[in-house]
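These notes are about the structure you will find just below.
Taken together, the values in this text are just the output of simple stated rules run on the coordinates, not laboratory data. These numbers come from a predicted model, not from an experiment. All Cβ positions, even for glycine, are placed from backbone atoms using ideal geometry, and neighbour counts span all protein chains on display.
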């Protein structure tokens, strides 16, 4: 089973937006009231999706920056604790990888 990450979701969303744009371009020559209503709705959905992707991207970037800053601050306040945690994580990973 594949792990779904926010980056994977954003990549999938970009693909959907691109496909929808291509579909709108391909049907540009089509006429009729029903087609025009569907196209208008699709264009509005695309605008909304683009805006949400931009907002999500900015939020993710801000969260990552805040987290990195917080970790950096904690490491500077407690350098030996950070070294101990890193050594412990390295030991656990070494044991787990050594079992393979």
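Tell me the angle of helix 79-98 to the major Cα principal axis of the chain, expressed in degrees between 0 and 90 and rounded to the nearest ten. That helix lies at roughly 80 degrees to the long axis. GNM remark for the chain: springs join alpha carbons under 10 Å apart, and the peak mean-square fluctuation among 42, 82, 56 falls on 82. Bins of 5 Å, beginning at zero and ending with the bin holding the largest distance: percent of Cα pairs per bin for the chain, please. Using 5 Å bins, I get a P(r) of 2, 10, 11, 12, 11, 11, 10, 8, 6, 5, 5, 4, 3, 1, 0 for the chain. Site pair residue 95 and residue 23 shows an inter-label distance of 5.1 nm when each label is modelled 7 Å from Cα along Cα→Cβ. Efficiency by 1/(1 + (r/R0)^6): what FRET value for residue 75 and residue 7, r their Cβ-Cβ distance, R0 = 35 Å, to the nearest 0.05? Rounded to the nearest 0.05, the efficiency is 0.90. Set against the 2.2 N^0.38 Å expectation for a compact globular protein, the range 16-57 has a Cα radius of gyration ratio of 1.26.
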